[in-house]
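Heads up: the structure comes next, in structure tokens.
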Amino acid sequence: MSLEGKKIILGVCGSIAAYKSLILLRYLTKAGADVKVILTQDAQKFVGKLSFASLSSYEVLTDLSSDDQWKNHIELGLWADLFIIAPATANTIAKCATGITDNLLQAVYLSARCPVMIAPAMDLDMWAHPITQGNVKKLQSIGVQIIPVGTGLLASGLNGEGRLAEPEIIYNYILDQFNKQSDLKNKRILITAGPTFEAIDPVRFIGNHSSGKMGLRLAEAACQRGAKVDLVLGPVNENHQQINGLSIYKVVSAQDMMNKVQELENLSDYFILAAAVSDFMPENVEQEKIKKATAVPIIKLKNTPDIAQWLGMHKKNHQKLVGFALETNHVKENAEAKLHKKNMDMIVINSPRDEGAAFGHDTNKIDILKKSGEYISFELKSKRELAHDILDEMLKLG
């Protein structure tokens, strides 16, 4: 794949592996990328500015306080299509995770509006330390992609995890990143997210604990990959940003969500039903607040509209339906029954009994079952990462 016209910032930190960044830079420029390099003060103890300048054809940036560089962090943050730090030391990873801004690289990191990738490099005990692993998980939870470390002989003489990934491996991750920025181009995706609230009276409702995080992360990921996204969003407290390609339709009840889905159905190539729609609603909604009385009121319930079943019945041949199943027992069997009953093409399965998964968490643990019978399990990951995993599998449906 060509990187012609792609604008990349390469940050280099103080590690003995910094020389590998020269090889990575060469790969990028040969592929046509426009690369600007930022060296930390410690990086310059291992590699020289002249080498990077010769390969990138740009002045190498180093100093936040310099008269001609102090405002570059803002300009660079707007300029870049991708910001990659390779190698990234434990110190730099900690600064990124906590927002410390004491050099140009950190200032650009906080100003960057583009995707960020980090390739760690350090000794095995530093890499394995709970603080470092916690910082890595924190960065992953906000969408930073961590390139896996290599295993082998380290500068300390020890042998194990912590080596900087080889330049060719990092380069391939960069290619994949840019490929994903366009693999949903010209596609339109309808996503439902969050809970629904079914009114009992003017102040009370039937609802659930869904935060909407998974659906929001899916919408963001799909837009990053070039899709136009219609997000039908139930009542949530989760912050969400307006990004290019994203249209948000706020609803409250299951009937509201059904009405909007029916309105948008013909426009969509894919449906992803991540919302936790209430299964039941009161038969009658009281117009005044129900007063506390000696006798507890009896509230008769009825089923809410079944959005998934309606879409399964009405989807066209070119449209694909992805559902979600939150199960507490007989997980696979119940999900499989739902998949076939509602004519889904793929179903994402999770359980609130898995630690760190389901409602309210920034992480999730999922399995995916396809109509073909293929069954795929994923480890506990951030919902941002899993959003891309789900989209990857959805694209394989055709």
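Here are some notes:
- Residue in the range 148-165 that is in a strand (DSSP E or B) and hydroxyl-bearing (S, T, Y) present: yes
Residue by residue, here is whether (1) outside the structural domain of I174 (by TED's automatic domain parsing); (2) under 21 Å from I170 (Cα atoms); (3) part of a helix (DSSP H, G or I) holds:
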residue	(1), (2), (3)
S2	yes, yes, no
A18	no, yes, yes
S21	no, yes, yes
R26	no, yes, yes
D63	no, no, no
I74	no, no, yes
I85	no, yes, no
I118	no, yes, no
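- Qualifying residue in the range 233-246 (condition: surrounded by 20 or more Cβ atoms within 10 Å (Cβ to Cβ) and not in a loop (DSSP other than H, G, I, E, B)): yes
- Flag if S210 is in contact with a Phe, Trp or Tyr (Cβ under 6 Å, 6 or more places away or on another chain), assigned to a loop (DSSP other than H, G, I, E, B) and of a type in the set (S, T, N, Q): yes
- Of all residues making up the range 13-41, the number that are surrounded by fewer than 22 Cβ atoms within 10 Å (Cβ to Cβ), in contact (Cβ under 8 Å) with a residue 40 or more places away in the chain and within 18 Å of R163 (Cα to Cα): 3
- Residues that are over 17 Å from K381 (Cα atoms), at pLDDT 90 or above and either outside the structural domain of L76 (by TED's automatic domain parsing) or among the small types (G, A, S) (or both) do occur in the range 128-145, at least one of them.
- Considering residues of the range 336-357 that are out of contact with any helix residue (DSSP H, G or I) (no Cβ under 8 Å at 6 or more places or on another chain) and within 24 Å of A222 (Cα to Cα) only, the residue surrounded by the fewest Cβ atoms within 10 Å (Cβ to Cβ): G356
- Residue satisfying condition, being of a type in the set (A, V, I, L, M, F, W, C), farther than 30 Å from K396 by Cβ and either assigned by TED's automatic domain parsing to the domain that holds A308 or surrounded by 14 or more Cβ atoms within 10 Å (Cβ to Cβ) (or both), within set A112, A155: A112
- The requirement of being farther than 15 Å from V348 by Cβ and in contact with a Pro (Cβ under 6 Å, 6 or more places away or on another chain) is not satisfied by I307.
The values are calculated or read from the model by the stated rules, or taken from the named source; none is laboratory data. From a predicted model like this one, the values you see are computed outputs, not experimental measurements. All Cβ positions, even for glycine, are placed from backbone atoms using ideal geometry, and neighbour counts span all protein chains on display.
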